[in-house]
Amino acid sequence: MQQLEKLLAPINDFLLCETPDEWISVALENIDLLLIDHCNCEKKAAGTAMALMFRYSNRSELLLKMSKLAREELRHFEQVLRILKKRNIEYRPIPASRYAKGLIKHVRTYEPQALVDKLIIGAYIESRSCERFAKLAPLLDDELHKFYLSLLKSESRHFADYLTLSQLYSEEDITARVKFFAEVESELILSSDGEIRFHSGVPS
């Protein structure tokens, strides 16, 4: 328990808000849909890491961290896919939540600021995933409970990697930009949302 609290402490400090209880309640009623969306999220996370590698192929530290991250996210994708198959849940593409688009629309259009913003957004997506894994795990069946807790270590490391890289490639202190995205992220999580997804807001 202490180890879990230690792992989550920097993530909870990074996020401006906790996941609302209303989201938890509706998520528990839609676990099949949530698992499908989780599967899609892992695939997209791997794709994002690969896209960063191709777009910024001259940045060795980014290449090393994103290569490892992509492999881990694909492994998580495979794990969720196996859980879906075991539970006779058909995997299918579903519309994404507004969450990532709501963050990405604020990315600056010039470099290296665009890269810095993308990395900060990556840190928020990973940290929110981690926070929700921890919130959901105690309320799920034994298989999902163990699985979601097993993801916390790697997801928290992904959060740290994204944040470290964002400062590494920034020409100035990133505190103000982190604060800006913290407020955008919090608004997306706390405002009414017509869909239930892994990163959706308060169910309307």
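Key figures for this structure:
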read-out	value
Loop GluC sites (Glu not before Pro), the stretch 12-58, which have at most 16 other Cβ atoms in a 10 Å radius of their Cβ (DSSP)	Glu18
The chain: most fluctuating residue of Ser57, Ser97, Ser127 per GNM, C-alpha cutoff 10 Å	Ser57
Set of lysines with alpha-carbon distance to Lys101 below 19 Å, sequence-local pairs under 8 removed	Lys43, Lys44, Lys118, Lys179
Sparse-neighbourhood loop sites, chymotrypsin sites (Phe, Trp or Tyr not before Pro) in the stretch 96-204 - DSSP loop, at most 10 other Cβ within 10 angstrom	Tyr110
Accessible carbon and sulfur surface of the chain relative to its total accessible area, %, 1.4 Å	55
Three principal axis lengths of the chain [C-alpha, angstrom, descending]	47, 37, 32
Hits among lysines - C-alpha to C-alpha of Lys86 under 18 Å, sequence gap 8 or more where chains match	Lys146
Mean accessible surface per residue for the chain, computed with a 1.4 Å probe while every protein chain stays in place, in Å²	51
Of Ala45, Phe14, Leu35, farthest towards positive along the dipole that unit charges on Lys, Arg, Asp, Glu beta carbons give the stretch 6-52	Ala45
Long-range amide H partners of Asp193 with built H, under 5 Å	Val202, Ser204
Under the span-like rule (Cα at least 15 Å along the axis, Kyte-Doolittle mean at least -0.5), DSSP H helices of the chain	2-14, 31-55, 60-86, 113-136, 142-168, 175-190
The stretch 44-152: GluC sites (Glu not before Pro) in DSSP loop, at most 10 other beta carbons within 10 Å	Glu90
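The values are calculated or read from the model by the stated rules, or taken from the named source; none is laboratory data. None of these values were measured; they are calculated from a predicted model. Please note: Cβ atoms are built from the backbone with ideal geometry, for glycine as well, and neighbour counts cover all protein chains shown. Accessible surface areas use protein heavy atoms only, side chains included; no ligands, DNA or RNA. Shrake-Rupley method; radii C 1.70, N 1.55, O 1.52, S 1.80 Å.
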